[in-house]
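All remarks here apply to the structure that follows.
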Amino acid sequence: MINDIWNGSIFEMVIGIGPNTVKAGGDCALPFLRDEDAQPVKPVTALEVWDVEPREWSDVLTGAFPGVLHDPAAWAKKCAQYGADLVSLKLAGTHPDLGDASPEQAAAIAKEVAAAVEIPLIVTGCGIEEKDALTLPVVARALSGRNVLIGSATANNYKDIAAACIEYGHNIIANSPLDINLAKQLNILISEMNLPLHRIAMDPLVGSLGYGIEYAYSIMERSRLGALNGDKMLSMPIICFVGQEAWKTKEANSPENMAWGDLKRRAVLWEAITASTLAQAGGSIFVLRHPESLKQFKVHIESMTALNI
Amino acid sequence: MSSYSVSFYPENIIVMIDENDSLLYAINLAGIPVKASCSGRGTCGSCGIIIKQGQVKLAVGAVPDQRYQGKEFLPACRCFPLSNLVVELPTESKLTGQQVLLDNSFGEETETLNIYSKNTLCDMFPFDSPVYRKITIVIPEPSLNDPIDDLSRLNRSIHKATGMEKLRPTMGLLRILPDLLRRGGWKITISLAGIPGSEFTEVDFVEPGCENDRYFGLAVDIGTTTVVAQLVDLESGTVTSAKGAFNKQASFGDDVITRIIYASEHGVIVLQEAILDTINELIEEMLEEISIKPSDIKAAVCAGNTTMTHVLLGLDPSNIRLEPYTPVANKFPAMRAARAGLNIYNQAWVHIAPGTASYMGGDITAGLLVTGMVFADDLSLFIDIGTNGEMVLGNKEWLVSCACSAGPAFEGWGIKHGMRACPGAIERVVISQDGQKVKYDTVGNSPPMGICGSGLIDALSWLYKSGIIDRTGSMIKDPNKQRVRETVSGREFVLAWAGETGNKADIYLSDAEIKNLIRSKAAVYAGIRTMLHMVGLPVEAISRVYIAGGFGRQINIRAAINIGMLPDIPLEKYTYIGNSAVKGARLALLSGQARELFYNIADKITYLELSNGNLFMDEFISALFIPHTELSLFPTVEPEAGL
C-alpha cells in the first residue's frame, strides 16, 4: 500500500464553548483514507432552523418538524433531538422580501435559539450583502463569548463582519462563487484583518446533485490538495449548505405521479447523496434540512470511518 | 429634408448637414479631430460639445454630462440639429497635441539599443544594404570578344560592384538603357530597390542631373492610437525627421474591435482614408521640415498590427474578430506607393511588415528585430503593453507569442481623467504614507489635465502602499482621508484639486476605474504566466524582458512589479524600448539582414491562443489581487509571504 505523506493539514476550527464544543476540520490526509490518517476526521453536521416560518418548504420537509416551525427555539431543540452536531440558524426574516427584520430583532431571536440548546450554533444572514453587513455584527455582539460560526462574509462585505468576529470572539464563514482563487483572496483579506486562520471556514457555494455538484467537487478537491501541500490560505475547513440546495430541486419537490418514484424517499436521497458526495470531496461541515438525510449521512460516515472495513 | 449649417467655434469652419445627421457627423465632416471612443454609439460620452447658439434635439437615452464649470456637455453623436448652430468643441473632447513616443526612449540606455553587441545597431544589423540606393558604375564597352547584351552587361557590372545577383530591370530602364549607356560614356547611375518579400532587386535608371540627389526612406509605425513616421536618409542611415500624430481612425472608435465593426457595417474605405490621411499629413510635415519633395522618398516600410495593416491596404478585417480569428493574409504582396495611396515617389516599393495571426501583427515583427532576441542563446520576453498586450517569448531557436488583450486602460481610455501621454498628463505620482498628500510630475511640466499610463501604474502602486485601496483595489472607507470621497456611484480618490489643474476640475480616480486597471494589469501578468506554463518554463529562465509601449516616456518597473503587472525578477533584467515598431521599421530600411529577418521571422512565431482551455482564465482571476493571490510569487513586494 503506497501512502501519500503530506506536509500540510486542514486547520481545526472549534465552534462553541464549555463542554459542548464541536471541532471541524483537522484532517491530515484525503477523506476517509484509513491508512494515511491515523484518526480520520468525521465531518460534522447541522440542521437548519429559520427565524421565520418558511412559506415554501415542501410537505416532506415540514412534516419532519410538526408544530415547531413558527418557534425557532423549539425548532432548534428538535434538531438537537434528531442528533445534529450543530444548529444552523438562518436569519431569513431579515431579507427585505421576507419581512426585513432589523438587526436587533434578528439578534434577539439568535440569543433565544442559543439559549435553547446545548449544541453550538451557526448563524447565517439572508444573503443580501448590504443587509448582512448590518445584521451580522449586531448578532455577533448579542452572542458575544459564545464562539459561534457566523456567515457569510463576501469580498464586498467582509470588513464589518470580520471585525465583529474579532471583537466578540466568533468564527467566520467566507463565501466565494465557486472559484478557488477568489476563495483564497477572501481568506487573505480576512486574515490580514488579524482574524486567526483557524477561525475561518470556506463556503464555496456548492450546488446539489444534478445542479453543479461537479464544480463544487472539483473546487473542494483542489482546495484539499492545496492544503495538504502546505497552502495555508486553502487550509480552512469547508462548510456545505446542502439543505438549501437539494430542497430547491424539482427532484426533491415534484409529486409522486412522475416516473421518479416515492417523493419522500427521493427527496431525502437527493440531500443525502449530495452531502455524502461532497464529504468525499473533503467537506467538513454539512448543513442539512431533513432529519432523515441527517441520519442516512451519519450512517454513511460511520461506515466510511469504521476501524474494520 | 431640412439642412442646417453648423459653425465650429473657434475653428471657424462651417459645414452643412441634414436634420438626420448627428453633430458627430458634422465634426467629422469639418475635419476636426474628436474623441469618439465608442464610435458614435452614445455610450462613452467622449464626444462632448457645447451648443453656443441654436437648438438641438437629443436622441432617446442621451444624458448630458455636467463636468466643466457648470456648463452642460452634450454627446455630439446623440445631437441632431433643429436649427442652424454654433458649436464649441471643448479641449477635453479633442484629439490634440499628442505627445507621441517618437522613438527615443531607451530607459537607462542613452544610445541606440543593443544588448549582445558592444556598440551600435550596426553590429547586429550592419548598415550594408538599404532598401533603396543609388550607385554609379562604369561598364566595359562591348566588343567582339564581349558582345553580350546591354542588360546582361549592366547586371554583370552591378554584380561585380555589389555582389547582387537577382536583378530585375524596369521597362523604363530598358527603354533608355542603350542611349543612356552610349551617351554617358558607359558610366551610369542606377537605383537598386529591394522588392518586398522577394530576393530580387529592381534596377532603374536615375534621371540625368539627379545622380547626387539625396534619397530617403519612410518608416511608419501604424498604431491603433498613434502613428509615428520617420524619414531616414538612406545614404547616411540617419533619421532626418520624425513626427507623430493621433490616428484619425480614433473618430470611428478607440479600439480595433470597434473599428472592425464599423468597417463591417460601413465598409473599410472610410477607415482606410483616415489612416492614409494621417500618414500623408505626417509625410507633408516632414517634407516641409527638411525641404525635400515627395519623390525624394524612395521606399517605405510600414509596421502595424493586423487590423491596421488590413485597413491600410483596404482589406476586409471582419473575420479578424470572429472565431477562429482569421485575417485575410499575414504576408502582403509587393505594392507601389501610388497603389498604396502614400504620397511619396509613386514607384516606391512599400514594404509591409508581415504578421503572425489576427492579434499578432507586423508591429510586433518589427519590434522583435529591435530586441535582438532572435539571435540570442538565452531566453527573452518582449511585451508590448498596449490594448492588445502582445508578448513574445523565445530565443534564436524558437519563438512563441500570445496576446493577452490588456485593454486600453493603461493608455487612458475608459478612465475619466485618463489621457494619452501629451502635455498636461500626470506621468509620475507619489502618495504619502497617510494618503493625504500627492506629488506628481506632468508631461511638459504644465498644469495637470489628466493622467497617462505611466502615471496610472505609479498611482496604483502608491494607493495600495498608503492603504487607500485593499488588495482587490476597493477603496477603503475612511472619513479621515480628505482625498477619498463618497459618491452615489462609489468612492473616488482625488489626485489633484481643481485649483491646481489645467482644466479647473478635480482630477480623480474612481473605484470602478481602479478595478479596470487591475483587470488590465492582471491580463498582462496572466498572459506571461500562461505562456510560460504552456512552454513549461519558470520565470527565472528569462534573462531579459523588453517592454515596449507608448503610454509614457518611461515606465516605473518597480511600481509595475508592486502592483503585480510584471514578474518579480531583478530590475536589471528589464529594458524599456519605447516605440519598437518604428525602430524596427527603420532597421528594415537600412539593413538587408534585418529585412530578411523581417520577412521570415513572422513565420517562425508560434501564436498561442490564450482563449483555449482554462489556464488563462484561472491565472487571470488569480492576478486580480495586489500583487497576486499567490503572494509568494512576489517576494520583494511581500517578504512575509510563505511564513
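The values are calculated or read from the model by the stated rules, or taken from the named source; none is laboratory data. Since the model is a prediction, treat every value here as computed from it, not as a measurement. FYI the Cβ positions are ideal-geometry reconstructions off the backbone, even for glycines, and counts take in every protein chain you see.
Here are some notes:
- Contact annotation: residue pairs with Cβ atoms under 7 Å, 6 or more positions apart or on different chains, pairing a residue in region A:280-309 that is over 26 Å from A:ILE200 (Cβ atoms) with a partner that is assigned to a helix (DSSP H, G or I) and among the charged types (D, E, K, R), are A:HIS290/A:GLU271; A:SER293/A:GLU271.
- The set of residues from region B:567-581 being within 25 Å of B:PHE620 (Cα to Cα) and in contact (Cβ under 8 Å) with a residue 12 or more places away in the chain comprises B:PRO567, B:ASP568, B:ILE569, B:LEU571, B:LYS573, B:TYR574, B:THR575, B:TYR576.
- Within region B:600-643, considering residues that are more than 14 Å from every other protein chain (Cβ to nearest Cβ), surrounded by fewer than 19 Cβ atoms within 10 Å (Cβ to Cβ) and outside any loop (DSSP other than H, G, I, E, B), the one modelled with the lowest pLDDT: B:ASN600
- Failed item, numbered, when B:CYS422 is tested on (1) part of a strand (DSSP E or B); (2) surrounded by fewer than 24 Cβ atoms within 10 Å (Cβ to Cβ); (3) under 21 Å from the mean Cα position of the chain (by Cα); (4) among the hydrophobic types (A, V, I, L, M, F, W, C): (1)
- Flag for A:LYS264 being in contact with a helix residue (DSSP H, G or I) (Cβ under 8 Å, 6 or more places away or on another chain), within 14 Å of chain B (Cβ to nearest Cβ) and not acidic (Asp, Glu): no
- Options A:ALA80, A:ALA101, A:ALA73: the member that is modelled with pLDDT of 95 or more and in a loop (DSSP other than H, G, I, E, B): A:ALA101
For (1) part of a strand (DSSP E or B); (2) within 15 Å of the chain's Cα centre (by Cα); (3) crowded, with 24+ Cβ neighbours inside 10 Å; (4) modelled with pLDDT under 95, each residue gets a yes or a no:
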| residue | (1), (2), (3), (4) |
| --- | --- |
| B:GLY367 | no, yes, yes, yes |
| B:LEU381 | yes, no, yes, no |
| B:THR387 | no, yes, yes, yes |
| B:VAL392 | yes, no, yes, no |
| B:LYS396 | no, no, no, yes |
| B:TRP413 | no, yes, no, yes |
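- Some residue of region B:232-249 being surrounded by fewer than 22 Cβ atoms within 10 Å (Cβ to Cβ) and among the acidic types (Asp, Glu): yes
- Members of region A:262-309 that are outside any helix (DSSP H, G or I), β-branched (Val, Ile, Thr) and surrounded by fewer than 24 Cβ atoms within 10 Å (Cβ to Cβ): A:ILE309
- When residues of region B:128-183 are limited to those that are of a type in the set (Gly, Ala, Ser) and either outside the structural domain of B:GLY197 (by TED's automatic domain parsing) or surrounded by 11 or more Cβ atoms within 10 Å (Cβ to Cβ) (or both), the one nearest to B:PRO196 (Cα to Cα): B:SER129
- Test: residue in region A:176-184 that is among the acidic types (Asp, Glu), under 16 Å from A:LEU205 (Cα atoms) and touching a helix residue (DSSP H, G or I) at 6+ places or on another chain (Cβ under 7 Å): yes
- The criterion of at least 2 residues that are touching a residue at least 60 places away in the same chain (Cβ under 8 Å) and either within 14 Å of chain A (Cβ to nearest Cβ) or crowded, with 22+ Cβ neighbours inside 10 Å (or both) is met by the following strands (runs of 3 or more DSSP E) wholly inside region B:434-513: B:490-496, B:507-510.
- Test: residue in region B:221-231 that is of a type in the set (Asp, Glu) and surrounded by fewer than 20 Cβ atoms within 10 Å (Cβ to Cβ): no
- Residues satisfying the stated conditions in region A:8-26, i.e. under 21 Å from A:ASN147 (Cα atoms), of a type outside the set (Phe, Trp, Tyr) and part of a loop (DSSP other than H, G, I, E, B): A:ILE10, A:GLY16, A:ILE17, A:THR21, A:GLY26
- Taken over region B:200-225, the residue count meeting the criterion of being closer than 24 Å to B:ARG595 by Cα and modelled with pLDDT under 90 is 2.
- Whichever residue in region B:552-574 is at pLDDT 90 or above and polar (S, T, N, Q) and, among such residues, is surrounded by the fewest Cβ atoms within 10 Å (Cβ to Cβ): B:ASN556
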